[in-house]
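Everything below concerns the one structure shown next.
All of the numbers you see were taken from the coordinates with simple rules; none came from a lab. Values in this document were obtained by computation on a predicted structure and should not be read as measured data. When we count neighbours, we look across all protein chains shown, and the Cβ atoms used for this are built from the backbone with ideal geometry, even at glycine.
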Amino acid sequence: MGEHYYSKSPRVSSAPKQWKVELRNKLFTFTTDAGVFSKSGLDEGSKLLAETFNEPSVGGDLLEIGCGYGPIALSIASDFPERLVHMVDVNERALALSETNAQNNQLRNVKIYESSGVDQVEQTDFAAILTNPPIRAGKQTVFSIYKGAHEKLAPGGELWVVIQKKQGAPSTIGYLKELFGNVETVAKKKGYFILLAKKD
């Protein structure tokens with residue numbers, strides 16, 4: 001099996017690059033590298049999720065599952081400085097890049113640590129959880145992320161998901177409806193769906 005961005009320790013040679021992108025009406029500088037998701041620039045799905053996210057009505061911390069080098073979580077941390085944003089990923093190189101990108105963009109309201117899904121996430125009262133799930137890891141892994149997110153949300157907390165129609169949006173909608181009792185499509189663009197499910 002080939003190596004993927006959800007590998008814990010990418011063996012592919014490091015080849016860092018840096019570029020700028022505007023997110024949520026602010027300009028960010030990001031360093032990326034080989035062996036991480038969307039290393040050549042911000043993918044459309046992540047951009048749409050970052051731009052669409054609205055602050056939840058309940059108080060508390062935020063969490064991104066599968067943060068990669070950090071564009072979604074860091075742009076949200078910048079917009080909501082009073083919220084602590086947890087950033088988790090299984091990929092050690094991605095986590096190191098997230099640390100670098102948080103420092104380079106002067107963002108301190110973040111907590112970055114390794115976790116496969118929510119395995120190492122102890123908190124159980126998040127106001128919102130976001131994910132651009134690792135589709136190539138398979139449906140079982142993706143659905144386990146949704147289930148873990150449901151367990152880690154506070155009552156009234158929200159799960160935000162970006163997924164392409166051709167990569168399983170209909171089955172994700174069905175599963176989230178079963179898990180949360182509700183799901184809403186809050187945005188659609190270029191085949192990507194932004195889904196929002198709220199915990200009772």
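Here are the numbers:
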read-out: Partner lysines for LYS111 [C-alpha distance under 26 Å; skip if fewer than 8 residues away on the same chain]; value: LYS8, LYS17, LYS20, LYS26, LYS39, LYS47, LYS147, LYS152, LYS198, LYS199
read-out: Value of relative contact order over the chain, rounded to a whole percent, pairs C-alpha under 8 Å and six or more apart; value: 18
read-out: For the stretch 175-185, 3J(HN,Hα) per residue [Karplus equation, 6.51 cos²θ - 1.76 cosθ + 1.60, θ = phi - 60°, Hz, x = Gly/Pro]; value: 5, 5, 5, 5, 6, 9, x, 6, 6, 10, 8
read-out: Long-range tail of P(r) for the stretch 45-198 (Cα pairs > 26 Å, %); value: 17
read-out: Sites LYS188 and GLU92, calculated FRET efficiency, Cβ-Cβ separation with R0 35 Å, nearest 0.05; value: 0.55
read-out: Label point distance in nm, GLN123-GLU22, each placed 7 Å from Cα along Cα→Cβ; value: 3.1
read-out: Debye, to nearest 20: dipole size of the chain, +1 on Lys, Arg Cβ, -1 on Asp, Glu Cβ; value: 720
read-out: Positive-pole candidate from PHE126, VAL36, ASN91, dipole of the chain, charges at beta carbon; value: VAL36
read-out: Antiparallel %, DSSP beta bridges [both residues in the stretch 45-198], to 5; value: 40
read-out: Between the stretch 15-72 and the stretch 90-155, the alpha-carbon center distance in angstrom; value: 12
read-out: Loop trypsin sites (Lys or Arg not before Pro), the stretch 28-131 (other Cβ atoms within 10 Å of the site Cβ: 11 or fewer; DSSP); value: ARG108
read-out: Calculated [θ] (222 nm, deg cm²/dmol) that DSSP helices of n ≥ 4 give over the chain, each run adding -39,500 (n - 2.57); value: -8500 deg cm²/dmol
